[in-house]
Amino acid sequence: MAMRRSDVMFCLACVAMCGCGSQRTDQWTEARPKVYPASGIVQYNGEPLEGASVVLRSESEPRAAYGVSDASGEFKLTTFEQDDGAVAGMHQVRITKIETKEAPAPVDPEANVIPAEEVSLLPARYGDFTKSGLTAEVIPDGANRFEFMLQK
C-alpha cells in the first residue's frame, strides 16, 4: 500500500521532533543538581512500615526526593530518575501513610455518590515537614542510609 505525501511528511516531522527533544533533554539533564544514592528504613512502633511515603525536602535546593517503603520498611530515594538519590545537604523529612476507605454504595441510585475517605495511619505531625522533628543530611561521599523510628 502506498503512503500519501501527507503521511510521509507527518512521519518526518515526528522524527525531527524526537531529535530536537533529545537535545533539550540533554541540556536539562546537564543543568540539574547532582544527586547521591540515599536509602533507609522506616518503622512504626518498632515494626517495619510498608507503604509509607518518605519525602526529603532540601533546605538549600528547590528539590525534594521521595520513596515508598516495602514490606520490610526499606526505601530508596528518587529525585530525577528511579532510585537516583537526593541532593547533598540538610533535608526536612515528612512521612505519611494513607489508607483509602471506600464509601458504601448509596441505597438510592439517584443519590449523590459519597467520595472515598482518606485516613492517615500515622500521627499527623509526621506528615508535616516543620512538625515531624525528622531531618536527614545527604553527604556526597557518605553512606546516606537513614533510619526513621516513628512512635505513636
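Among the listed pairs Lys34/Lys97; Lys97/Lys152; Lys34/Lys131, those with a Cα-Cα distance over 22 Å are Lys34/Lys97; Lys34/Lys131.
Projected label points at Glu102 and Asp26, each 7 Å from Cα along the beta carbon direction, are separated by 4.9 nanometres. Our coupling estimate for the range 55-72, obtained by passing each phi through the Karplus curve with A = 6.51, B = -1.76, C = 1.60 and θ = phi - 60°, is 10, 10, 10, 5, 7, 10, 10, x, 9, 10, 10, 9, x, 10, 6, 8, 4, 8 Hz, Gly and Pro reported as x. Electrostatic bookkeeping for Leu121 treats Lys and Arg as +1 and Asp and Glu as -1; over the other residues with beta carbon under 14 Å from its beta carbon, the sum is -1. When each of the peptides 61-70, 87-96, 113-122, 29-38 is scored by how many other beta carbons lie within 10 Å of its residues on average, the order from highest to lowest is 87-96, 61-70, 29-38, 113-122. Amide H contacts under 5 Å for Gly73: Leu49, restricted to partners 5 or more places along the chain or on a different chain, H placed in the peptide plane at 1.01 Å from N. For Leu134, the residues whose amide H sits under 5 Å from its own are Val93, ignoring neighbours fewer than 5 places away on the same chain, with H placed 1.01 Å from N.
Read the figures in this text as sums done on the coordinates, not as results from a lab. Keep in mind that this is a model prediction, so the values were computed, not measured. No Cβ is skipped: glycine too gets one built from the backbone with ideal geometry, and neighbour counts run over all protein chains shown.
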